[in-house]
1. Remind me, relative contact order of region 203-358 in percent, using alpha carbon pairs under 8 angstrom and six or more residues apart?
2. Considering the values (i) 133; (ii) 218; (iii) 142, which represents volume of the Cα convex hull per residue in Å³ as calculated for the structure under consideration?
3. List the relative contact order of region 259-313 as a percent without decimals, with contacts defined as Cα pairs under 8 Å and 6+ residues apart.
4. With the dipole of the chain worked out from charges on the C-beta (+1 for Lys and Arg, -1 for Asp and Glu) around the Cα centre, which of S214, F290, F144 lies farthest toward the positive end?
5. Sorted by packing (mean other beta-carbon atoms within 10 Å per residue), highest first, where do 234-247, 85-98 land?
6. Distance from a point 7 Å along Cα→Cβ of I283 to each backbone N in region 240-269: keep the residues under 16 Å and list them by number.
7. Mind checking which of A163, V269, L237 is farthest towards the positive end of region 42-357's charge dipole, using Cβ charges of +1 (Lys, Arg) and -1 (Asp, Glu) about the Cα centre?
8. For region 180-285, how many pairs of lysine residues have a Cα-Cα distance under 30 Å, where the two are 8 or more positions apart or belong to different chains?
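Please treat every number below as a calculation from the coordinates, not as lab data. Values in this document were obtained by computation on a predicted structure and should not be read as measured data. Note that we place each Cβ from the backbone using ideal geometry, even for glycine, and neighbour counts take in every protein chain shown.
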Amino acid sequence: CKCNFISFIFLSLGTGSNILSALQDLFWLLKSKVEKQLQIISVLQWVLTFLIMGIACTLILMYILCTDCWAIAALYLAWLVFDWNTPKKGGRRSQWVRNWAIWRYFRDYFPIRLVKTHNLLTTRNYIFGYHPHGIMGLGAFCNFSTEATGVSQKFPGIRPYLATLAGNFRMPILRDYLMSGGICPVNRDSIDYILSKNGSGNAIIIVVGGAAESLNCTPGKNSVTLRNRKGFVKLALRHGADLVPVYSFGENEVYQQVIFEEGSWGRWVQKKFQKHIGFAPCIFHGRGLFSSNTWGLLPYSKPITTVVGEPITIPKIDNPSQKEVDFYHSIYVDALIKLFDKYKSKFGLPENEVLEVN
């Protein structure tokens, strides 16, 4: 009986260990699934913000004006008039918003990574040229408008400002949401203010290729629209702000796009939108909400690695000549190509891959 009792204890312990191990495996499995769902939700909310938040908030505000709650909308509109020029004066960033946990789930969905190659002096101002645009500039947003990838830890004392279409800041609610992340209008007034009246240690991130570049982005293609984009160089010279080339490997991989050939009706429509409205409508798709095998608005979970290159020292010239602008632009183009060539093999590209500069 004594032997049988001892055997029962050992058997029970063994069974208990197996149950505990199974429960632990189940716990980690459930945790992994919950985290994956949170990642999907975080990316979905940002995609919807990018696509419809501005229009939706405008329509909702107009609707409230026609209801018994009209006073709330009227107060906000009065505030809007008073606050209209804030985006042009550096905005109103919120470290609390930039540190939301949702951005860490956003980062891990792809995942997105920020790579620092050189230190940046807090006594200087900078203009980062971000390439390529992709469909939505996902890497630019995550790296520089949130703290998910640790931009403030990697570049202590540097305040990043991601520049985007000025029209976004005419949309109610959306403008405040964008400013909270340190996003500013990509216009001369805003950039002049940040680089001349906001002290030093500022870094304005400009997606140089803009809407024109987004029309050509497709998986497997590394091309940038840069050859005739020289306005950012002129701004750097006028303010003596150092230029920093930035390349985001994988930015073009997260969406599939229908590319219209030059001269086609589709490309004509896109260019008309680009000229008169400031953005070009793209026909694209990612994965579905519930399955990666269906089409939808969610981007594919492909890694995006953003490499911040070496700063190019720029002198301050109040009225730079075209020759001076061309000279520093050529230096910038060469630096971007060298950055791409140095890191391409580390992030999954073959050694013979060439960066196409248009």
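1. About 33 percent, as a whole number.
2. Given (i) 133; (ii) 218; (iii) 142, the calculated one carries the label (ii).
3. About 17 percent, as a whole number.
4. F144
5. Output ranking for 234-247, 85-98: 234-247, 85-98.
6. 256-269
7. With unit charges placed on the Cβ atoms, the residue in question is L237.
8. The result is 13.
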